[in-house]
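The values are calculated or read from the model by the stated rules, or taken from the named source; none is laboratory data. Keep in mind the model is a prediction, meaning the values are calculated, not measured. Please note: Cβ atoms are built from the backbone with ideal geometry, for glycine as well, and neighbour counts cover all protein chains shown. These accessible areas exclude ligands, DNA and RNA; they are computed on the full protein's heavy atoms, side chains included. Shrake-Rupley method; radii C 1.70, N 1.55, O 1.52, S 1.80 Å.
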Amino acid sequence: LAKMEPTMGGNAPKRKKKKKRKRKVEKEMKNDEIFSLKRNKAENLVEDEVKMSSVLETRKPSEHSFEKGKVKGRKYTVSVAIPGSIVGNAQSPELRTYLVGQIARALTIFEVDEIVVYSEDGTSKSVEGQFEGNTKRADPNVFMARVLQYLETPQYLRKELFPRHPDLKYAGLLNPLDAPHHVRIDTKSLYREGIVVNRPTKPGAGVWVNVGLRQCALVGMMIPSKTRVTVELPAAAVDPKGKLPRTLRAKAVAPSKPRTVNGLYWGYSTRLAAGLGGVLRKCPYKGGYDLTIGTSERGQDAAGKGFQLPSFRHILIVFGGLGGLEDAIEGDETLRESEPEKIFTMYINSCTNQGSRTIRTEEALPITLS
């Protein structure tokens, strides 16, 4: 017994050490299990977030609106007429450019289809050709129309359609419109804006069009080079899992088709007009404007009881400059009538209880359209 005691005493610490090691291993295993569970939960959460983001991504107007039977086409159009003189009141070229960008953003948000820039003195000019540039002497109507056209054009087409010009010196600082027709390179879209490129094709095959993808589309009709066109792509261009064919064939369609067939807003067109008479007479739509609205602080209260817009197909809303619509009517000698109530179908005041003595045109736009 005396001999065995020291051996027992020597084995006891070894057993304790083994037990401690076991407990340590068990703890480590439990910790590993807990960590793996947490990691799996985190991975599941990330997967759920990715799934949710992909669902939200597919519901963008440029993609989701093309599903058949879910979106109805919009047949009516909304036009807005603005005097270019409001730009001349800005104090610097940067502020003039920013003012036009603010107007373009507001009209895009409310899905305006046509913007008419009119001169209050009745003179007419074109945006084509070379002008004096972004100075105080430059024509404010042409300046506004040029910047509006530039902002409406998708980014991948601007270099081809707009050469360097002083009027566009500060246009790159403006907030983008991010309209549905400003389609990104990886976005699936049935319609795209493009420009005809100078690239040889087989006789009778058509023309190549740059549509903002990694490859050009072949349109089977003859169109002059450097012409902007709206094209309809094949079904593979919309399918998220589909791949584009080696030769992408597209069809040139009317710019109004995305709106009339799919109910998708497809940007605005810009038109210059000589006075209010030119705004009303040279309507691009068949049958003209069937509803014209003039806005002024002297008009009928648009928020009053009994006020209601009649049904229309092509509506035109006209805004005045610093002196209001009355000054624009007096400056246009082609108008037979001198009273706004007789020129427009409706003559309204969209903000009766205003806190300021004056409402600027860029402020009146969202108030009236809302």
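Using just the C-alpha positions of the range 165-221 as equal point scatterers, what log10 of I(q)/I(0) does the Debye formula give at each q in 0.12 1/Å?
Here the Debye-derived log intensity ratios amount to -0.43.
If you look at just the Cα atoms of the range 249-324, how large are its Rg and its Dmax in Å?
Cα only, the range 249-324: 16.3, 55 Å (Rg, Dmax).
Divide, for the range 235-275, the radius of gyration over alpha carbons by 2.2 N^0.38 Å, where N is the residue count.
1.75
So between Lys251 and Ile367, what do we pick up on full extension, going 0.36 nm a residue minus the alpha carbon distance?
Net length gain for the segment: 37.8 nm.
Find the Cα radius of gyration of the range 198-349, compare it with 2.2 N^0.38 Å by division, and give the number to two decimals. Mind showing how you got there, number by number?
Values: Rg = 22.5 Å, N = 152, 2.2 N^0.38 = 14.8 Å.
Its radius of gyration relative to the 2.2 N^0.38 Å reference: 1.52.
Where Lys and Arg each count +1 and Asp and Glu each count -1, what net charge lies around Thr77 among other residues with Cβ under 12 Å from its Cβ?
Counting the neighbours of Thr77, the net charge comes to +1.
Please list Val231, Val238 in order of solvent-accessible area, largest first, computed with a 1.4 Å probe with all protein chains present.
Correct descending sequence by accessible area is Val238, Val231.
Which GluC sites (Glu not before Pro) in the range 289-370 sit in a loop by DSSP (not H, G, I, E or B) and have at most 14 other Cβ atoms within 10 Å of their own Cβ?
Numbers: sites: Glu297, Glu326, Glu330, Glu333, Glu337, Glu341, Glu362, Glu363; in loops: Glu333, Glu337.
Within the range 289-370, the qualifying GluC sites (Glu not before Pro) (loop, at most 14 other Cβ atoms within 10 Å) are Glu333, Glu337.
Counting only protein chains, not ligands or nucleic acids, how are Ser256, Ser189 ordered by accessible area (probe 1.4 Å), most first?
Correct descending sequence by accessible area is Ser256, Ser189.
Suppose R0 equals 25 Å. What FRET efficiency, 1/(1 + (r/R0)^6) with r the Cβ-Cβ distance, do Glu297 and Asn175 give to the nearest 0.05? Provide the component values of the computation, followed by the final result.
On the way: r = 30 Å, r/R0 = 1.18.
Calculated transfer efficiency: 0.25.
Using only Cα atoms, figure out Rg for the range 312-370 and give it as a multiple of 2.2 N^0.38 Å.
Its radius of gyration relative to the 2.2 N^0.38 Å reference: 1.22.
Using mean Cβ contacts within 10 Å as the protection proxy, how do 211-221, 82-92 order, highest first?
Descending mean neighbour count gives 82-92, 211-221.
For the residue pair Arg357 and Arg336, what label-to-label distance in nm results when each label sits 7 Å from Cα along the Cα-to-beta-carbon direction?
In this crude spin-label approximation the distance works out to 3.9 nm.
So which of Lys169/Lys286; Lys72/Lys188; Lys72/Lys305 end up more than 29 Å apart, counting from Cα to Cα? Let's see the in-between values first.
Details: Lys169/Lys286 37 Å; Lys72/Lys188 20 Å; Lys72/Lys305 31 Å.
Beyond 29 Å: Lys169/Lys286; Lys72/Lys305.
Using a Förster distance of 35 Å, how high is the FRET efficiency between Glu326 and Gln91, based on the Cβ-Cβ distance and rounded to 0.05?
About 0.85, to the nearest 0.05.
Let's see if you can work this out: charge +1 on each Lys and Arg Cβ, -1 on each Asp and Glu Cβ, no other charges. What is the dipole magnitude of the range 192-303 about its Cα centre, in debye to the nearest 20?
On the way: 18 positive and 6 negative charges, 139 e Å.
Value, rounded to 20: 660 debye.
What is the projected area of the convex hull of the Cα atoms of the range 140-255, averaged over all directions, in nm²? Numbers along the way, then the final one.
Values: hull surface 32.6 nm².
Average projection, Cα convex hull of the range 140-255: 8.2 nm².
Can you pull out the chymotrypsin sites (Phe, Trp or Tyr not before Pro) in the range 287-329 that DSSP calls coil and that have at most 13 other Cβ atoms within 10 Å?
Here the chymotrypsin sites (Phe, Trp or Tyr not before Pro) that fit, given the DSSP loop and packing criteria, are Phe307.
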